[in-house]
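The structure appears right after this line, and notes come after that.
The values are calculated or read from the model by the stated rules, or taken from the named source; none is laboratory data. The structure presented is a predicted model; accordingly, all values stated were derived computationally and were not measured. All Cβ positions, even for glycine, are placed from backbone atoms using ideal geometry, and neighbour counts span all protein chains on display.
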Amino acid sequence: MTLTKRNQLSMANANSTPPEKARRRAPSQSPRGPARFAKSGAQTTADGIYEKLHAAIASMELRPGTPMSETRLTEEFGVSRTPVREALQRLAKEKLVEIVPKSGTFVGRIPLSTLFEATFARSALECAIVRHVAERATPDHVETLRAALDVQRDVASSGDYEKIHVADEAFHAALANVANFEGIWEMVRTMKVQVDRYRKLTLQQSGRVTLLIKEHTEVVDAIEARDPERAVAAMAEHLGRLKLDIEVFGATWKDYFIHDREIGG
(Lines give C-alpha, C1' and ligand atoms only; values in the text may rest on other atoms or scores of the structure.)
Protein backbone atom coordinates (compact mmCIF):
# COMPACT_ATOMS: atom_id res chain seq x y z
CA MET A 1 0.00 0.00 0.00
CA THR A 2 1.35 3.38 -1.00
CA LEU A 3 1.89 6.26 1.43
CA THR A 4 -0.91 8.21 -0.25
CA LYS A 5 -3.33 5.31 0.28
CA ARG A 6 -2.37 5.05 3.97
CA ASN A 7 -3.01 8.78 4.46
CA GLN A 8 -6.39 8.52 2.78
CA LEU A 9 -7.41 5.59 5.03
CA SER A 10 -6.27 7.44 8.16
CA MET A 11 -8.34 10.45 7.23
CA ALA A 12 -11.37 8.29 6.51
CA ASN A 13 -11.06 6.58 9.91
CA ALA A 14 -10.81 9.98 11.66
CA ASN A 15 -13.93 11.21 9.89
CA SER A 16 -15.86 8.08 10.88
CA THR A 17 -15.29 8.57 14.63
CA PRO A 18 -18.60 7.90 16.45
CA PRO A 19 -20.35 11.21 17.33
CA GLU A 20 -20.49 10.42 21.06
CA LYS A 21 -16.71 10.02 21.15
CA ALA A 22 -16.16 13.10 19.01
CA ARG A 23 -18.21 15.16 21.48
CA ARG A 24 -16.39 13.88 24.54
CA ARG A 25 -15.44 16.83 26.74
CA ALA A 26 -12.08 17.48 28.31
CA PRO A 27 -12.08 16.57 32.05
CA SER A 28 -11.45 20.17 33.12
CA GLN A 29 -13.86 21.83 30.69
CA SER A 30 -16.55 23.87 32.46
CA PRO A 31 -20.20 22.69 32.14
CA ARG A 32 -22.62 24.12 29.61
CA GLY A 33 -26.33 23.80 29.07
CA PRO A 34 -28.89 23.00 31.81
CA ALA A 35 -27.78 23.12 35.45
CA ARG A 36 -26.59 19.80 36.84
CA PHE A 37 -26.67 20.38 40.58
CA ALA A 38 -26.61 17.30 42.79
CA LYS A 39 -29.94 16.01 43.98
CA SER A 40 -30.45 15.11 47.62
CA GLY A 41 -29.01 11.72 48.42
CA ALA A 42 -30.79 8.87 50.08
CA GLN A 43 -32.04 9.73 53.56
CA THR A 44 -30.25 7.98 56.39
CA THR A 45 -31.88 6.71 59.56
CA ALA A 46 -30.28 9.59 61.47
CA ASP A 47 -31.72 12.07 58.93
CA GLY A 48 -35.24 10.74 59.49
CA ILE A 49 -34.93 10.95 63.28
CA TYR A 50 -33.46 14.45 63.02
CA GLU A 51 -36.33 15.70 60.85
CA LYS A 52 -39.02 14.33 63.16
CA LEU A 53 -37.40 15.74 66.29
CA HIS A 54 -36.69 19.05 64.56
CA ALA A 55 -40.36 19.40 63.58
CA ALA A 56 -41.55 18.53 67.08
CA ILE A 57 -39.19 21.08 68.66
CA ALA A 58 -39.88 23.85 66.12
CA SER A 59 -43.65 23.45 66.55
CA MET A 60 -43.31 23.53 70.35
CA GLU A 61 -44.86 20.09 70.57
CA LEU A 62 -41.72 19.43 72.60
CA ARG A 63 -41.27 22.39 74.95
CA PRO A 64 -37.92 23.75 76.16
CA GLY A 65 -36.52 21.65 78.98
CA THR A 66 -38.25 18.42 77.93
CA PRO A 67 -35.92 15.42 78.60
CA MET A 68 -34.61 13.67 75.46
CA SER A 69 -33.66 10.21 76.70
CA GLU A 70 -31.53 8.29 74.21
CA THR A 71 -32.92 5.02 75.54
CA ARG A 72 -36.52 6.14 75.10
CA LEU A 73 -35.83 7.49 71.62
CA THR A 74 -34.15 4.27 70.48
CA GLU A 75 -37.24 2.37 71.61
CA GLU A 76 -39.61 4.89 70.04
CA PHE A 77 -37.86 4.83 66.65
CA GLY A 78 -36.86 1.16 66.82
CA VAL A 79 -33.21 1.82 66.07
CA SER A 80 -29.79 1.57 67.71
CA ARG A 81 -28.25 4.39 69.73
CA THR A 82 -25.93 5.53 66.93
CA PRO A 83 -28.47 7.28 64.63
CA VAL A 84 -30.27 8.75 67.65
CA ARG A 85 -26.99 10.16 68.97
CA GLU A 86 -26.13 11.57 65.51
CA ALA A 87 -29.53 13.29 65.27
CA LEU A 88 -29.21 14.78 68.76
CA GLN A 89 -25.70 16.06 68.04
CA ARG A 90 -26.96 17.74 64.88
CA LEU A 91 -29.84 19.37 66.80
CA ALA A 92 -27.40 20.51 69.49
CA LYS A 93 -25.30 22.31 66.85
CA GLU A 94 -28.46 24.19 65.83
CA LYS A 95 -29.15 25.12 69.48
CA LEU A 96 -32.34 23.08 69.53
CA VAL A 97 -31.01 20.55 72.04
CA GLU A 98 -28.87 21.00 75.14
CA ILE A 99 -26.58 18.17 76.18
CA VAL A 100 -25.73 18.55 79.87
CA PRO A 101 -22.85 16.35 81.15
CA LYS A 102 -23.88 13.96 83.97
CA SER A 103 -27.45 15.20 83.72
CA GLY A 104 -28.91 14.32 80.36
CA THR A 105 -30.13 15.72 77.07
CA PHE A 106 -33.00 18.20 76.91
CA VAL A 107 -34.95 20.25 74.39
CA GLY A 108 -32.99 23.49 74.21
CA ARG A 109 -34.15 26.75 75.68
CA ILE A 110 -34.63 29.55 73.15
CA PRO A 111 -31.38 31.58 72.99
CA LEU A 112 -32.23 35.27 73.08
CA SER A 113 -29.16 36.21 71.05
CA THR A 114 -30.29 34.01 68.15
CA LEU A 115 -33.82 35.32 68.49
CA PHE A 116 -32.74 38.95 68.20
CA GLU A 117 -30.31 38.26 65.35
CA ALA A 118 -32.83 36.25 63.34
CA THR A 119 -35.46 38.95 63.83
CA PHE A 120 -32.98 41.63 62.76
CA ALA A 121 -31.93 39.73 59.63
CA ARG A 122 -35.49 38.75 58.76
CA SER A 123 -36.66 42.36 58.96
CA ALA A 124 -33.89 43.52 56.62
CA LEU A 125 -34.66 40.84 54.03
CA GLU A 126 -38.45 41.02 54.16
CA CYS A 127 -38.53 44.82 54.06
CA ALA A 128 -36.40 44.62 50.90
CA ILE A 129 -38.86 42.10 49.43
CA VAL A 130 -41.84 44.32 50.25
CA ARG A 131 -40.19 47.37 48.68
CA HIS A 132 -39.51 45.37 45.51
CA VAL A 133 -43.14 44.15 45.36
CA ALA A 134 -44.61 47.61 46.03
CA GLU A 135 -42.57 49.09 43.20
CA ARG A 136 -43.73 46.48 40.67
CA ALA A 137 -47.05 45.10 41.92
CA THR A 138 -49.67 44.17 39.32
CA PRO A 139 -53.38 43.61 40.00
CA ASP A 140 -52.70 39.85 39.85
CA HIS A 141 -50.01 40.19 42.52
CA VAL A 142 -52.36 42.09 44.80
CA GLU A 143 -55.07 39.48 44.23
CA THR A 144 -52.63 36.73 45.26
CA LEU A 145 -51.80 38.56 48.48
CA ARG A 146 -55.47 39.30 49.23
CA ALA A 147 -56.21 35.58 48.81
CA ALA A 148 -53.52 34.77 51.38
CA LEU A 149 -55.15 37.26 53.77
CA ASP A 150 -58.53 35.58 53.22
CA VAL A 151 -57.05 32.25 54.27
CA GLN A 152 -55.75 33.85 57.45
CA ARG A 153 -59.18 35.27 58.25
CA ASP A 154 -60.78 31.88 57.64
CA VAL A 155 -58.55 30.10 60.16
CA ALA A 156 -58.35 32.96 62.69
CA SER A 157 -61.48 31.91 64.55
CA SER A 158 -60.58 28.21 64.60
CA GLY A 159 -58.36 28.42 67.68
CA ASP A 160 -56.00 26.03 65.90
CA TYR A 161 -52.70 27.84 66.32
CA GLU A 162 -50.84 25.45 64.06
CA LYS A 163 -53.16 26.31 61.16
CA ILE A 164 -52.88 30.00 62.01
CA HIS A 165 -49.09 29.74 61.97
CA VAL A 166 -49.14 27.94 58.62
CA ALA A 167 -51.41 30.63 57.13
CA ASP A 168 -49.10 33.34 58.47
CA GLU A 169 -46.10 31.62 56.87
CA ALA A 170 -48.01 31.30 53.60
CA PHE A 171 -48.61 35.06 53.50
CA HIS A 172 -44.92 35.87 53.92
CA ALA A 173 -44.01 33.19 51.37
CA ALA A 174 -46.54 34.71 48.93
CA LEU A 175 -44.75 38.06 49.18
CA ALA A 176 -41.45 36.39 48.24
CA ASN A 177 -43.08 34.42 45.42
CA VAL A 178 -44.67 37.55 43.95
CA ALA A 179 -41.24 39.19 44.02
CA ASN A 180 -39.62 36.10 42.45
CA PHE A 181 -37.38 35.92 45.52
CA GLU A 182 -38.17 32.37 46.63
CA GLY A 183 -34.50 31.85 47.43
CA ILE A 184 -34.51 34.74 49.89
CA TRP A 185 -37.59 33.35 51.59
CA GLU A 186 -35.80 30.00 51.92
CA MET A 187 -32.94 31.84 53.69
CA VAL A 188 -35.43 33.50 56.03
CA ARG A 189 -37.26 30.24 56.71
CA THR A 190 -34.02 28.44 57.56
CA MET A 191 -32.71 31.09 59.94
CA LYS A 192 -35.91 31.65 61.88
CA VAL A 193 -36.57 28.31 63.54
CA GLN A 194 -36.01 29.85 66.98
CA VAL A 195 -38.36 32.69 66.04
CA ASP A 196 -41.01 30.14 65.06
CA ARG A 197 -40.75 28.49 68.47
CA TYR A 198 -41.22 31.83 70.16
CA ARG A 199 -44.12 32.81 67.90
CA LYS A 200 -46.03 29.67 68.85
CA LEU A 201 -46.23 31.23 72.31
CA THR A 202 -47.17 34.74 71.18
CA LEU A 203 -50.03 33.62 68.92
CA GLN A 204 -51.91 32.54 72.03
CA GLN A 205 -51.86 36.11 73.35
CA SER A 206 -55.36 37.60 73.44
CA GLY A 207 -56.00 39.67 70.33
CA ARG A 208 -52.66 38.79 68.74
CA VAL A 209 -54.10 36.96 65.72
CA THR A 210 -56.49 39.83 64.95
CA LEU A 211 -53.60 42.30 65.17
CA LEU A 212 -51.47 40.05 62.96
CA ILE A 213 -54.05 40.11 60.16
CA LYS A 214 -54.47 43.87 60.54
CA GLU A 215 -50.70 44.37 60.16
CA HIS A 216 -50.59 42.13 57.09
CA THR A 217 -53.54 44.00 55.58
CA GLU A 218 -51.74 47.33 56.01
CA VAL A 219 -48.77 45.90 54.08
CA VAL A 220 -51.00 44.78 51.20
CA ASP A 221 -52.93 48.08 51.15
CA ALA A 222 -49.63 49.95 50.74
CA ILE A 223 -48.51 47.55 48.00
CA GLU A 224 -51.78 48.05 46.12
CA ALA A 225 -51.27 51.82 46.38
CA ARG A 226 -47.76 51.35 44.90
CA ASP A 227 -46.35 53.12 47.96
CA PRO A 228 -43.00 51.43 48.77
CA GLU A 229 -42.20 53.64 51.77
CA ARG A 230 -45.52 52.92 53.47
CA ALA A 231 -45.26 49.21 52.66
CA VAL A 232 -41.77 48.98 54.17
CA ALA A 233 -42.84 50.94 57.26
CA ALA A 234 -45.81 48.61 57.75
CA MET A 235 -43.66 45.49 57.46
CA ALA A 236 -40.98 46.94 59.76
CA GLU A 237 -43.62 47.72 62.39
CA HIS A 238 -45.10 44.25 62.03
CA LEU A 239 -41.78 42.46 62.49
CA GLY A 240 -40.55 45.01 65.04
CA ARG A 241 -43.45 44.18 67.33
CA LEU A 242 -41.99 40.71 67.66
CA LYS A 243 -38.80 42.18 69.09
CA LEU A 244 -40.73 44.33 71.55
CA ASP A 245 -42.79 41.38 72.73
CA ILE A 246 -39.68 39.32 73.48
CA GLU A 247 -39.08 41.39 76.61
CA VAL A 248 -42.60 40.65 77.85
CA PHE A 249 -42.79 36.98 76.97
CA GLY A 250 -39.22 36.35 78.05
CA ALA A 251 -40.37 37.18 81.58
CA THR A 252 -43.65 35.28 81.29
CA TRP A 253 -41.95 32.04 80.22
CA LYS A 254 -38.54 32.65 81.71
CA ASP A 255 -37.72 28.92 81.85
CA TYR A 256 -38.11 28.74 78.06
CA PHE A 257 -35.38 31.30 77.29
CA ILE A 258 -31.67 31.61 77.91
CA HIS A 259 -29.42 34.70 77.92
CA ASP A 260 -26.59 32.87 76.19
CA ARG A 261 -24.42 35.88 75.32
CA GLU A 262 -24.45 39.62 74.91
CA ILE A 263 -26.50 40.92 72.00
CA GLY A 264 -25.16 43.66 69.75
CA GLY A 265 -26.49 47.08 70.65
- Message: If I go through the range 170-218 residue by residue, how many of them are at pLDDT 95 or above, touching a His at 6+ places or on another chain (Cβ under 9 Å) and among the β-branched types (Val, Ile, Thr)?
- Response: 1
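When the residues of the range 63-88 are narrowed to those that are of a type in the set (Asp, Glu) and surrounded by 12 or more Cβ atoms within 10 Å (Cβ to Cβ), which ends up farthest from Lys102 (Cα to Cα)? Steps first, please.
Filtering the range 63-88 for residues of a type in the set (Asp, Glu) gives 70, 75-76, 86.
If we keep only those that are surrounded by 12 or more Cβ atoms within 10 Å (Cβ to Cβ) too, we end up with 70, 76, 86.
On the way: Glu70: 14, Glu76: 23, Glu86: 19 Å.
Looking at residues that are of a type in the set (Asp, Glu) and surrounded by 12 or more Cβ atoms within 10 Å (Cβ to Cβ), I get Glu76.
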- Task: Determine which member of the set Ser158, Ser113 is in a loop (DSSP other than H, G, I, E, B) and either modelled with pLDDT under 95 or within 20 Å of Arg226 (Cα to Cα) (or both).
- Result: Ser158
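Answer with yes or no whether Glu98 is of a type outside the set (Ser, Thr, Tyr) and in a strand (DSSP E or B).
When the stated conditions are applied, Glu98 passes them.
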- Item | Evaluation of Gly48 against (1) exposed (fewer than 15 other Cβ atoms within 10 Å of the Cβ); (2) more than 24 Å from the chain's Cα centre (by Cα); (3) part of a helix (DSSP H, G or I); (4) not charged (D, E, K, R) (one fails), failing number | (2)
- Query: Within the set of pairs 6+ apart or on separate chains, which have a first residue in the range 128-149 that is touching a residue at least 24 places away in the same chain (Cβ under 8 Å), a second that is surrounded by 14 or more Cβ atoms within 10 Å (Cβ to Cβ) and among the aromatic types (Phe, Trp, Tyr), and C-beta atoms under 8 Å apart?
  - Reply: Ile129/Phe181; Ile129/Trp185; His132/Phe181; Leu145/Phe171; Ala148/Phe171; Leu149/Phe171
- Out of (1) within 17 Å of Met60 (Cα to Cα); (2) within 23 Å of the chain's Cα centre (by Cα), the one Ala118 does not meet is (1)
- Item | Filter result for Arg189 (in a helix (DSSP H, G or I), in contact with a strand residue (DSSP E or B) (Cβ under 9 Å, 6 or more places away or on another chain) and farther than 17 Å from Glu143 by Cα) | no
- Before we move on, is Arg85 among the basic types (Lys, Arg) and either in contact with a Lys or Arg (Cβ under 8 Å, 6 or more places away or on another chain) or in the same structural domain as Trp185 (by TED's automatic domain parsing) (or both)? no
- Message: Tell me yes or no: at least one residue of the range 188-210 is of a type in the set (S, T, N, Q), within 22 Å of Ala121 (Cα to Cα), outside the structural domain of Ala58 (by TED's automatic domain parsing) and exposed (fewer than 14 other Cβ atoms within 10 Å of the Cβ).
- Response: yes
